[in-house]
Amino acid sequence: TDHPKRFRGMWVESANPAHSLADAPRMREALSALELLVVVDVAMSETARLAHYVLPVASQLEKAEATFFNFEFPHNVFHLRRALMAPPEGLFSEAELHTRLLEQAGALPADAVAALRAAWPSGRAAFRQAFGSIVAAAPQAAAVMPALLYRAIGDLLPPGLAEGAALWGVCQLAARHQRASIQRAGIGTEAQDAGEVADALFDAILASPSGLVFSLDDWDESLRRIGTPNGRIQLALPEFYDELRGLQHEAAPAPPAGYPFVLSAGERRSYTANTIIRNPEWRRKDRQGALCINPGDAQRLGVASGDRVRLSTQRGSTEVAVEVSDRMQPGHVSLPNGQGTDFPAADGTPTLESTPPNELTRIEDRDAFAGTPWHKYVPARIEALA
């Protein structure tokens, strides 16, 4: 926009807004208007091609990675996976990247790094004491704690786990607030204080290549963490009741003239997930990302599976192959999610095999409360192609 306080620069890390957010044409226009766009990614994504600077980093297999999926309440699981291989020459992890930027900006005190590094071989208690002294003397050090820990002890951890250094600080916070839950999982002892339990948790994470149960919850303890004034989840939201009353007395809005179909712009299918895997060779089914359509609708349009149609919305138009499917309701069509990224062909030219769904969505079509785009309700028109 031309607003005097508009965004003038953007740092995009492990994200692809030019493809993944609603109204891709408008997003490309907005990103292109920035005075500075920096992209940090493992791939030359659609957003990276618009950037002034692209900072490539090591892939997920070339650095320590954490998976944040719990198995099931009450057993809370955490997994820190080691790097499986070294990155190519010249590449490094986001932890190294951000730490170097802070060092160049003078925001990472070298004396604090040296003090922590010297304290680590003396044991966990000495390290905790050194860290506490640093934060007490310079509270701003807490703001760069992940980088501080990474530079101080990352290379002193077991091979392939350097990026996990920041978890030492996370474990301190967890033990301070959930020590009983951690101890119930068998980590630490009842006689240990929060700092000692935190160190035991950190050591257990490093020593558990397949993950571990880091806390064992109970219902009362979980409910006590609800942060509302009365400690309860609020289901009665007056704004939603007002909206519901309006829906009860109003007819459903008619679709825009000339757009009789409802498009789900991003259906989960057996070979779609997200756009981190850009090579279409991995897709064993539905490589072109077909438009699924009800048999009756297909018959009225005079199309069969494999035929191509023109799919149009109020935002844009594309040509796509159809797949006739009895899973679809009449008037309802769908495109898969996780597709529509290009990939270099054998001669190096970018090749696009499937439809980017957000070429067809609009930012105007969104939820009034949360602003979430209506990806599952996009008015559309379909025309058979000769």
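The values are calculated or read from the model by the stated rules, or taken from the named source; none is laboratory data. Predicted model, so just to flag it, every value in this text is computed and none were measured. Cβ coordinates were reconstructed from backbone atoms using ideal geometry, including for glycine residues, and neighbour counts include every protein chain displayed. Side chains are part of the model used for accessible areas, which takes the heavy atoms of the whole protein and leaves out ligands, DNA and RNA. Shrake-Rupley method; radii C 1.70, N 1.55, O 1.52, S 1.80 Å.
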The stretch 221-343: antiparallel bridges as % of DSSP beta bridges, rounded to 5, reads 45 percent
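Could you pull out the trypsin sites (Lys or Arg not before Pro) across the stretch 327-366 that fall in loop regions by DSSP (anything but H, G, I, E, B) with no more than 12 other Cβ atoms inside 10 Å?
Values: sites: ARG327, ARG362, ARG366; in loops: ARG327, ARG362.
Here the sparse-neighbourhood loop sites are ARG327.
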Just going by the charge dipole of the chain, with Lys and Arg at +1 and Asp and Glu at -1 on Cβ, which of ALA48, SER32, PHE343 is farthest out on the positive end? SER32
Partners for LYS5 among aspartates and glutamates (Cα-Cα distance below 15 Å; same-chain residues under 8 apart left out): GLU35
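Kindly provide the GluC sites (Glu not before Pro) of the stretch 1-108 that DSSP labels as loop, not H, G, I, E or B, and whose Cβ sees at most 12 other Cβ atoms within 10 Å.
Numbers: sites: GLU13, GLU29, GLU35, GLU46, GLU62, GLU65, GLU72, GLU89, GLU94, GLU96, GLU103; in loops: GLU35, GLU46, GLU89.
Answer by residue number: GLU35, GLU89.
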Over the chain, what relative contact order in percent results from Cα pairs under 8 Å that are six or more residues apart? 15 percent
How about LYS285: which lysines have a C-alpha closer than 29 Å to its C-alpha, ignoring those fewer than 8 places off in the same chain? LYS376
Rounded to whole Hz, the Karplus (6.51, -1.76, 1.60) HN-Hα couplings of the stretch 172-186, x for glycine and proline: 4, 5, 4, 5, 5, 9, 9, 4, 4, 5, 5, 5, 5, 7, x
Percentage of Cα-Cα pair distances in the stretch 42-178 greater than 27 Å, rounded to whole percent? 30 percent
Cβ-defined net charge surrounding LEU311, 12 Å radius [Lys, Arg +1; Asp, Glu -1]: +1
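Under the rule of -39500 (n - 2.57) per DSSP H run of 4 or more residues, summed and divided by the residues of the chain, what mean residue ellipticity at 222 nm is obtained, to the nearest 500 deg cm²/dmol?
-8500 deg cm²/dmol
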For the stretch 167-259, using Cα atoms only, the Rg and Dmax in Å read 23.2, 72
Could you tell me which of PRO330, GLY9, THR272 has its Cα farthest along the dipole of the chain towards the positive end, charges placed at Cβ (Lys, Arg +1; Asp, Glu -1), taken about the Cα centre? PRO330
What is the Cα centroid distance between the stretch 76-102 and the stretch 118-193, reported in whole angstrom? 18 Å
Per residue, in Å², the accessible surface of the stretch 247-344 once ligands and nucleic acids are set aside, probe 1.4 Å: 54 Å²
What percent does the relative contact order of the stretch 29-172 come to when contacts are Cα pairs within less than 8 Å and at least six residues apart? 20 percent
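Express in nm, to one decimal, how much length is gained between LEU21 and ALA126 on full extension, taking 0.36 nm for each residue of separation and deducting their alpha carbon distance. Intermediate results must be reported in sequence, preceding the final value.
Values: separation 105, 0.36 × 105 = 37.80 nm, distance 4.75 nm.
33.0 nm is the gain from fully extending LEU21 to ALA126.
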Can you check what the Kirkwood hydrodynamic radius comes to for the stretch 294-337, Cα pairs only, in Å to one decimal? 11.0 Å
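Take the chain, mark every one of the chymotrypsin sites (Phe, Trp or Tyr not before Pro) that falls in a DSSP loop and has at most 10 other Cβ within 10 Å, then report the longest stretch left between them, sites excluded.
Working: sites that count: PHE68, PHE69, PHE71, PHE369.
The longest such stretch corresponds to 72-368.
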Kindly report, to the nearest 10 Å², the accessible surface of SER32 as traced by a 1.4 Å probe over protein heavy atoms only. 80 Å²
What is the calculated FRET efficiency for ARG224 to PHE369, with r their C-beta to C-beta distance and R₀ = 22 Å, to the nearest 0.05? 0.20
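Could you sort HIS98, HIS3 by accessible area so the largest value comes first, with the probe set to 1.4 Å? Show your work: numbers first, answer last.
On the way: HIS98 65, HIS3 100 Å².
Reading off the accessible areas and sorting them downward yields HIS3, HIS98.
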